[in-house]
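Q: What follows is a single structure, and I will ask about it in a moment.
The values are calculated or read from the model by the stated rules, or taken from the named source; none is laboratory data. Please read all numbers here as calculations on a predicted model, not as lab measurements. Glycine also receives a Cβ, built like all others from the backbone with ideal geometry; neighbour counts cover every protein chain displayed. Calculation scope for accessible area: heavy atoms of the full protein, side chains included, ligands and nucleic acids excluded. Shrake-Rupley method; radii C 1.70, N 1.55, O 1.52, S 1.80 Å.
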Amino acid sequence: MTASFNKSSFSSAGTSAEATPSRVFGVHDYDLAATLNSGQAFRWQLREGWWEGVIGLRWVRLRAEADLGTSATAGRRSFIVAETAEPVNDWRWLADYLQIELNLADILETFPDDPQMRLAVAACRGLRLVRQDPWECLASFILSSTKRIVQIQQIVARLCEQFGEQVIVPQNRQLVYCFPLPGRIAEAGESELRSCKMGFRAPNLRAAAQMIAGGTLDLHRLSALPVGEAREALMRLLGVGRKIADCVLLFACGFQDAFPMDVWVMKALRRLYFPRRHVSLKRLHEFAATHFGPYAGYAQQYLFHYARVHAKLNE
C-alpha cells in the first residue's frame, strides 16, 4: 500500500523537534533498491517490501514511496521512509549514510557524454553511493575476494553474529548484531574466523584488525590524505590490493575519483570501450583516470551495476 505525505511530514535531513522511531525523507533522483543492492554494502536484506539493515549500533528499515503530488512536484521526486527500533532525535547519521543531500544531477553532468555512459545512466539512474564506516567497508571487501555478492553477505552475517554485539530490534524480529570492532576480530583465533566460512581470507582480516586496533593505521584519517597516499596506506595491509583499497576510498572515505576495478568493471570497459582489442589492466586504469572525470568512482558504480544487472556482459 502506498502512503501519501504532506509537506509537514517529511524532512531532507537534520534533527526532529522530538525523538521518533520513524522519519520520512524527501528525495529526488534516488533509486533505493539499486543503491542498497549494487555491491557497495552487504548488510541489507529485502523483507516484505522493506530494506532491513544495521548502521552502526542501530537496526533500521527503509522503504521507497512514490510522490503522489501533482505533475509539477512529481517526476523524479519521491520519499524514503525510515523506521528504527527506538526513538531517534537526530537523523543525520542516516541522511549522511544514504547521501540524501547530494545533488545527483550535478554529478551525472560530469560524466563523459558518450553512448556507453548514456546507456549505463539510463538503465541505473537514481543509483547513489552510500557513505560507510571505514572499518566495516574494509573488512567486508577483504572478505569479498573471489566471492559473489550473496556469498559475501552470508560471510558478513556470520561474522556479525559470532563476534558482534546484539542490537535492539522491534518485537518479534529475529536477532541482529552490529559489525564487530577491530579489537574483537584482532583477539579472535584464526580457526574462529574460519568458522564464518571466510577461508583463506581469515588471516588477512585478522592482520588488518590487529594493525587498526593497535593504532598502526587510523582509517578515519585517510580522508585527509591525498588519494595516492591513502591508497598506499591501505595497500600495506595483508591481502589488500588496489581494488579493495579503492573500494574503501570510494565507499567510506569520500574519494570520488577512486575507481575500483573488479572483474565486472574490467569486462564492461573492455566490451563497451575497447571491443575486439586486448587491453591491459594498466591501460584500463589509465583510461579510467582520464576519461570519467572528477566523479569517476560514481561512473564506475554505474558501469558495475549496468554490467552486472542490465547488460549481457557475462557471455
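Q: Given H placed 1.01 Å from N in the peptide plane, which residues other than close sequence neighbours of residue 258 have an amide H under 5 Å from its amide H?
A: Under 5 Å from the amide H of residue 258: 297.
Q: May I ask you to derive the FRET efficiency for residue 220 and residue 89 from their Cβ-Cβ distance with R0 = 25 Å, giving the value to the nearest 0.05?
A: Using R0 = 25 Å, I get an efficiency of 0.55.
Q: Given R₀ = 25 Å, FRET efficiency for residue 271-residue 113 by Cβ-Cβ distance, to 0.05?
A: Once the sixth-power term is evaluated, E becomes 0.80.
Q: Same structure, new question: Looking at 309, 295, 124, which one has the Cα that reaches farthest to the positive end of the dipole of the chain (charges on Cβ: Lys, Arg +1; Asp, Glu -1)?
A: 309
Q: Explain nothing, just the number: dipole magnitude of the chain about its Cα centre with +1 on each Lys and Arg Cβ and -1 on each Asp and Glu Cβ, in debye rounded to the nearest 20.
A: Dipole of the chain, to the nearest 20 debye: 1200 debye.
Q: Reported to two decimal places, what Rg/Rh ratio describes the stretch 222-315 when computed on Cα atoms with Rh from the Kirkwood expression?
A: 0.98
Q: Okay, moving on. Let a ≥ b ≥ c be the square roots of the eigenvalues of the Cα gyration tensor of the stretch 40-167; is it rounded (a/c under 1.5), or, if not, prolate (a/b larger than b/c) or oblate?
A: Judged from the Cα gyration tensor, the stretch 40-167 comes out oblate (a/c at least 1.5, b/c at or above a/b).
Q: On the accessible surface of the chain, probed at 1.4 Å, how many percent belong to carbon and sulfur atoms?
A: Within the chain, the accessible surface is 49 percent carbon and sulfur.
Q: For every other residue with a beta carbon closer than 11 angstrom to the beta carbon of residue 164, add +1 if it is Lys or Arg and -1 if Asp or Glu, then tell me the sum.
A: 0
Q: Right, next: When the helices in the chain are scored as -39500 (n - 2.57) per DSSP H run of 4 or longer and the sum is shared across all residues, what 222 nm value do you end up with, to the nearest 500 deg cm²/dmol?
A: -11500 deg cm²/dmol
Q: Continuing with this model, one more query. What is the distance in Å between the Cα centres of the stretch 135-166 and the stretch 273-297?
A: Answer, in whole Å: 29.
Q: Quick one: Cα centre-to-centre distance for the stretch 167-208 and the stretch 102-129, in angstrom?
A: 36 Å
Q: Using a 10 angstrom cutoff on alpha carbons, build the Gaussian network for the chain and name the most mobile of 230, 252, 105.
A: 105
Q: If you don't mind, another one. Can you compute the charge dipole magnitude of the stretch 58-138 about its Cα centre, using +1 on each Lys and Arg Cβ and -1 on each Asp and Glu Cβ, nothing else charged? Give it in debye, rounded to the nearest 20.
A: That gives a dipole near 240 debye.
Q: Give, in nm to one decimal, the length gained when the segment between residue 289 and residue 236 is fully stretched (0.36 nm per residue of separation minus the Cα-Cα distance).
A: Result for the pair: 16.9 nm of gain on full extension.
Q: Moving on. What's the tally of Lys pairs in the chain whose alpha-carbon atoms lie under 29 angstrom apart, where the two lysines are 8 or more places apart or on different chains?
A: 13
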